[in-house]
Amino acid sequence: MSCNSGTCESGCYREEYSGDDVRHDQPLVKENCDRSNGVSSRGGDSNSRGLCIKCKVNETIASTHPLVAAGGGDSTRFCADCFRSNLFGKFRFAVTSNAMISPSDNVLVAFSGGPGSRVALQFVHEMQHKSQKNFDASPDRSLPVFGVGVAYIDESIILPIPSNDFDSAIDEMKLVVSSLAPPAKQFFVVPTESIYSPDCAAGRDQLAKLASAVSDVTGKEDLLEHLRMLSLQKIATENGYTKIVLGTCTSRIACHVLEATVKGQGFSLSADIQYVDARWEIPVVLPLRDCLSEELNTLCSLDSLNTIEVFQQPRSGINGLIGSFVKLLQQENPSRESTIVRTAGKLTPFCFNRIPEVGHNNGHLASQRREKKYNLKPNESLPPESFCIICNSPLKKSGNTILNDLDNAETRAAAACSSCQYQILPRDPSSLEYFYSLLPRSMSARARDSSISHELLRDQIQDCLLSDSNDGT
């Protein structure tokens, strides 16, 4: 017997029949509340019989796919269909509530071959495919269908991979992209050295020198991540893409929270863990921010989504230690990663952690909701941010300080964040000028633009500044 109350939260489900309509060939549902102790099991009866706690009809993944459910978690609670719809629901809610993708957008999905980027590509494709069906069925066809491109950044110059394995992995990636239903998606394979110049040979030599100039293992890994983002920005800018989609998940963000804390990047931490990051020319969005890596791996196994293991390099240095530590925490308590991200999420986002407003559309309304939720100030009420010339992290420095720091190579190091200063920049001051000469032009331009913007700001407020003399004249 189950209750008929619409507000019951005991986990029991209502009978779809009553009175004379009771079928005697079907066993009645056992009462879900233990009257002897007054404690509700909240759906535990269904789950104890191996049924999904959501639909209460199908068997759980642990029952139907025991190998897939080896890690436990939601696979012991949901059936395959409910698990899939629950995961896609997280993705869709992140996209719609943060105005990540609009009908007029052209989206570039960063595809590394791992589970996160593979699921991101699949979900973005499903959204596009549904939009295309609605567009075809609409008589007026007023809303366009957003475009999708896919990009892989070739880092083999720094992380060597046997040529045969590399070629077969690229062919497999092309097959994954081409096998998706229309609309067709363009696939880019761009080497990291292309951020220097169209001449890959010259860029390859420059990039190799830059990598060898960084002695710290963690610093080299972080620098490669910064160069990867510059490469994605270059592809998006040259090919007319308006958003970049990353497959970063809760598990990866949890590791980044601890990594940034250890490296002294506490001030800029909130900038890296939000749904939207518009400090770049092309905004970066994280639609899988609320999904665990275990969930992504489970979905790839259930739906046979191919991942390319060749490109999955193990992390090293501080990043590797933090990754192992978080993995151990997650094994002890499956909610650790989510707890870390929720705790860090209490930090106030920066003004650029929102989609830039273009007219009064849905993106503008979503930005207003986020301003109210996080108590954000409008962009015009905030001074311009100062950014690290290496990793583009916001700095806790005044514009005047940054302007003075950019005068020469030795003091220019102060215009970098603490992590880049101690892990990427050379310790010997005499080597700084050579190191800066190896940086891509986009990094050097960012430092010059920062200098110009702060110089203009100083000119605008010149009349309000106190003079250095004691009498104030």
Does Pro198 count as under 19 Å from Gly240 (Cα atoms) and either among the charged types (D, E, K, R) or more than 27 Å from the chain's Cα centre (by Cα) (or both)?
yes
Name every residue in the stretch 68-104 that is assigned to a loop (DSSP other than H, G, I, E, B) and of a type in the set (Phe, Trp, Tyr), in order of residue number.
Phe78
Can you tell me which residue among Ser304, Ser324, Ser231, Ser335 is under 24 Å from Val189 (Cα atoms), without any contact (Cβ under 8 Å) to a residue 60 or more places away in the chain and not hydrophobic (A, V, I, L, M, F, W, C)?
Ser304
Which of the residues that make up the stretch 335-345 are modelled with pLDDT of 95 or more and loosely packed, with under 15 Cβ neighbours inside 10 Å?
Thr339, Arg342, Thr343
Let me confirm something: among Val119, Val107, which residue is among the β-branched types (Val, Ile, Thr), under 27 Å from Val148 (Cβ atoms), part of a helix (DSSP H, G or I) and touching a residue at least 24 places away in the same chain (Cβ under 8 Å)?
Val119
Among the residues that make up the stretch 146-163, is at least one of them closer than 13 Å to Leu299 by Cβ and in contact (Cβ under 8 Å) with a residue 12 or more places away in the chain?
no
Taking the stretch 231-277 and keeping only residues that are assigned to a loop (DSSP other than H, G, I, E, B) and at pLDDT 95 or above, one is left with Asn239, Gly240, Tyr241, Thr242, Leu246, Gly247, Thr248, Cys249, Ile273, Gln274, Tyr275
Filter result (among the basic types (Lys, Arg) and part of a loop (DSSP other than H, G, I, E, B)) within the stretch 148-204:
Lys185
In the stretch 284-329, what residues are closer than 26 Å to Gln274 by Cβ, surrounded by fewer than 19 Cβ atoms within 10 Å (Cβ to Cβ) and of a type in the set (D, E, K, R)?
Arg315, Lys327
Evaluation of Tyr241 against (1) aromatic (Phe, Trp, Tyr); (2) under 23 Å from Tyr422 (Cβ atoms); (3) in contact with an Asp or Glu (Cβ under 9 Å, 6 or more places away or on another chain) (one fails), failing number
(2)
Which one of these does Lys243 not meet: (1) in contact (Cβ under 8 Å) with a residue 60 or more places away in the chain; (2) crowded, with 20+ Cβ neighbours inside 10 Å; (3) under 22 Å from Pro440 (Cα atoms)?
(3)
Looking only at residues in the stretch 258-268 that are crowded, with 19+ Cβ neighbours inside 10 Å and aliphatic (A, V, I, L, M), which one is nearest to Pro394 (Cα to Cα)?
Ala260
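The values are calculated or read from the model by the stated rules, or taken from the named source; none is laboratory data. Predicted, not measured: the structure shown is a model, and the values here were computed from it. We place every Cβ from the backbone using ideal geometry, glycine too, and count neighbours over all the protein chains shown.
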